[in-house]
1. Scan the range 1-55 for residues that are in a helix (DSSP H, G or I), more than 15 Å from the chain's Cα centre (by Cα) and of a type in the set (K, R) and jot them down.
2. Return a yes/no flag: does the range 83-95 have any residue that is touching a residue at least 60 places away in the same chain (Cβ under 8 Å), among the β-branched types (V, I, T) and surrounded by fewer than 17 Cβ atoms within 10 Å (Cβ to Cβ).
3. Determine whether the range 113-136 contains at least one residue that is at pLDDT 90 or above, of a type outside the set (V, I, T) and touching a Gly at 6+ places or on another chain (Cβ under 7 Å).
4. Report whether or not V98 is exposed (fewer than 12 other Cβ atoms within 10 Å of the Cβ), under 29 Å from L13 (Cβ atoms) and within 15 Å of the chain's Cα centre (by Cα).
5. Does the range 112-130 contain at least one residue that is in contact with a helix residue (DSSP H, G or I) (Cβ under 8 Å, 6 or more places away or on another chain), outside any helix (DSSP H, G or I) and within 26 Å of F4 (Cα to Cα)?
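The values are calculated or read from the model by the stated rules, or taken from the named source; none is laboratory data. Source: prediction; values computed, not measured. Note that each Cβ is placed from the backbone with ideal geometry, even for glycine, and that neighbours are counted across all protein chains shown.
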Amino acid sequence: MEEFYNYVKALHLIFVITWFAGLFYIPRLFMYHIEAAAKPEPEKSILTEQLRLMTKRLWFIITWPSAILATTFAIALLIIRPFYLEQPWMHVKLLFVVFLIIYHLKTHQIFKQLQQGIVKYTSNFMRIYNEGATIILFAVIFLVILKSAINWVFGVVGIFVLGILLMLGIRLYKRIREKNPEA
């Protein structure tokens, strides 16, 4: 049973990685899509059509299947080892997984809007939004490795510090781009 558990765990990790890869990349494509919508024709039409195709392929060929498979293997892991559900660190981890699913569904909503040519957000918003998956990833990895919900307060403080550092990095990058548009 231990070897079976390890195979399921390996598959879970593989699909978590590919899920996050999709979640990291698609807001970047959203940024490009939003920026393309502000360009003059024919550049706008050419870029928008290409970005629609790229986001559609990424979303439906990589990101959604990875999310479904990662979740399926996670449920299998909990069936194999149900005692994890009794551990406080797992409760906190599952809370972050709920946040990840909400983030994924919100990303799907933005995806659908952009596919229809509806631009509701700025590219700067997408740069900030893109960090949501990063913060969730950090939280989950530390919880799984340390297996400590007792120190989750320190972890949350660390996540906020990470978030602040990411925001400062985004602002710095924006200033660099304003000075040098080719950056």
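1. K9, K44, R52, listed by residue number.
2. Step one: filter the range 83-95 for residues touching a residue at least 60 places away in the same chain (Cβ under 8 Å), giving 87-89, 92.
Subsequent filtering for residues that are among the β-branched types (V, I, T) retains 92.
Pick out the ones that are also surrounded by fewer than 17 Cβ atoms within 10 Å (Cβ to Cβ) and you get none.
Checked against the condition, which is being touching a residue at least 60 places away in the same chain (Cβ under 8 Å), among the β-branched types (V, I, T) and surrounded by fewer than 17 Cβ atoms within 10 Å (Cβ to Cβ), the range 83-95 yields no hits at all.
3. No, because not a single residue in the range 113-136 is at pLDDT 90 or above, of a type outside the set (V, I, T) and touching a Gly at 6+ places or on another chain (Cβ under 7 Å).
4. Working: exposed (fewer than 12 other Cβ atoms within 10 Å of the Cβ): yes; under 29 Å from L13 (Cβ atoms): yes; within 15 Å of the chain's Cα centre (by Cα): yes.
So V98 passes the test.
5. If we filter the range 112-130 for residues that are in contact with a helix residue (DSSP H, G or I) (Cβ under 8 Å, 6 or more places away or on another chain), which is where we start, we get 114-115, 117, 119-124, 126-130.
If we keep only those that are outside any helix (DSSP H, G or I) as well, we get 117, 119-122, 130.
Still in the running and within 26 Å of F4 (Cα to Cα): none.
No: zero hits.
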